[in-house]
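The values are calculated or read from the model by the stated rules, or taken from the named source; none is laboratory data. Source: prediction; values computed, not measured. FYI the Cβ positions are ideal-geometry reconstructions off the backbone, even for glycines, and counts take in every protein chain you see. In case anyone asks, the SASA skips ligands and DNA or RNA and just uses the protein heavy atoms, side chains included. Shrake-Rupley method; radii C 1.70, N 1.55, O 1.52, S 1.80 Å.
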Amino acid sequence: MNVPATLTPFTRKIDDIITTTIDATIALAEQVESTLAACQGNNLKLLLDPSIKRIIQEHIKETLNRTPYCSGSGFASHIEGSNEDKEYWLLEWWYKKADGVKKVNLDLDQATQQRLDFRTFEWFKDAQENGQAYIHGPYVDYVCNTSYTLTSAMPVYCAGRFIGVAAIDVLVSEVEQELLPLFNNHKVILTNLDKRIIFSTYPKYRVGELLNDNDAVEVYKTEYCTLYELIKKGA
């Protein structure tokens, strides 16, 4: 499809947000895998070792510091139980603040994490099932920020076994902040592949709603999102 020249700044910025976020998520997953591989073992109890957790935390903080657009990042893991050991949940999540990178202060003892059970979260499930980078959202993140959020997720493996997901959050408000200055009198709507609205320059179309308008013409599409322009009937 031919993208109107006046929309090129939109599409370039969309590509940059997606590429930057996906690449950073993949890099974080690889760092976690390398950390575990360096221990020369496949015992997942390594994730509970304080020294290993500190290394993973440093990778997460580095990811946040060097990645624009993102608001939070982390690693979520679930270790299946066995006859000898109980199952175990692990969630390391950090976020950007004006005064630096901070750890999310959640009361995440094992009982709390079990009730939370992030294995039911779409960004965790889809990354595991698809075995590749995935972007979920927009959705309201009631756990960490209570805001409309996009989560980029990448599965993490140890000795060929799925052990968890590396993830990065991008607030929809950040996407809006990046795209609005590029507004050029076009009525455009950005959605995910399910046509759920991420961004719109027209107040009628709100974030989180499903786009259902025959006047919306697809002008640009990636493997993660679609950009539509509203065309008046008869134009």
Across the stretch 143-161, which residue is farthest from His78 (Cα to Cα) among those that are within 14 Å of the chain's Cα centre (by Cα) and assigned to a strand (DSSP E or B)?
Tyr148
Across the stretch 178-199, which residue is least open to solvent (accessible area, probe 1.4 Å) among those that are of a type in the set (S, T, N, Q) and modelled with pLDDT of 95 or more?
Thr191
Does Tyr220 count as closer than 21 Å to Asn2 by Cβ, touching a residue at least 60 places away in the same chain (Cβ under 8 Å), assigned to a strand (DSSP E or B) and touching a strand residue (DSSP E or B) at 6+ places or on another chain (Cβ under 8 Å)?
yes
Has the stretch 162-181 got at least one residue that is of a type outside the set (D, E, K, R), in contact with a strand residue (DSSP E or B) (Cβ under 8 Å, 6 or more places away or on another chain), more than 13 Å from Lys13 (Cβ to Cβ) and not in a strand (DSSP E or B)?
yes
